[in-house]
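Q: Mind looking over this structure? Questions follow.
The values are calculated or read from the model by the stated rules, or taken from the named source; none is laboratory data. Source: prediction; values computed, not measured. Backbone-built Cβ (ideal geometry, glycine too); neighbour counts: all protein chains shown. Heavy atoms of the whole protein, side chains included, go into the accessibility calculation; ligands, DNA and RNA do not. Shrake-Rupley method; radii C 1.70, N 1.55, O 1.52, S 1.80 Å.
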Amino acid sequence: MVTGLEILLLVLVLAAVLGASTVVRTVRPFIVNAVVGLLVLFLAQAVFGLQVAVTTVALVIVAVGGFPGALLVILLSLFGIAFVP
């Protein structure tokens, strides 16, 4: 026989799974943008020899902006405005 406690636990687990799914769907674009942006920064350093300081602020710009954010960070570093090592 199913008790009220078991039903409550089932509902709580279902709510936790749905909440985790929502968080993952929300965070996924930022993770993809961050990976693509870091790849662009790495290629800029490895192929073109550009020196870019990867800081928390640079990571936030790259995560939110993606490829254009990475280009912005590279340009700011190239002109000596910000993110200069």
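Q: Give me the distance in nm between label points sitting 7 Å out from Cα along the Cα-to-Cβ direction at Val17 and Phe79, one decimal.
A: So the label points at Val17 and Phe79 sit 5.2 nm apart.
Q: Which three lengths, in whole Å and largest first, does the stretch 10-56 cover when its Cα atoms are put on their principal axes?
A: Dimensions of the stretch 10-56 along the principal axes of its Cα atoms: 55, 16, 11 Å.
Q: Okay, moving on. Using only Cα atoms, what is the ratio of the radius of gyration of the chain to 2.2 N^0.38 Å?
A: Numbers: Rg = 20.8 Å, N = 85, 2.2 N^0.38 = 11.9 Å.
Normalised by 2.2 N^0.38 Å, the Cα Rg of the chain equals 1.74.
Q: Given the rule -39500 (n - 2.57) for each run of at least 4 DSSP H residues, summed and divided by the residues of the chain, what is its mean residue ellipticity at 222 nm, to the nearest 500 deg cm²/dmol?
A: -26500 deg cm²/dmol
Q: Give the accessible surface of the chain per residue, rounded to a whole number of Å², with probe radius 1.4 Å and ligands, DNA and RNA excluded.
A: Details: 6070 Å² over 85 residues.
In whole numbers, the chain has 71 Å² accessible per residue.
Q: Taking the chain as the reference, fit the longest principal axis to its C-alpha atoms, fit the long axis of helix 56-65 to the helix C-alpha atoms, and give the angle between the two in degrees, 0 to 90, nearest 10.
A: That works out to roughly 80 degrees.
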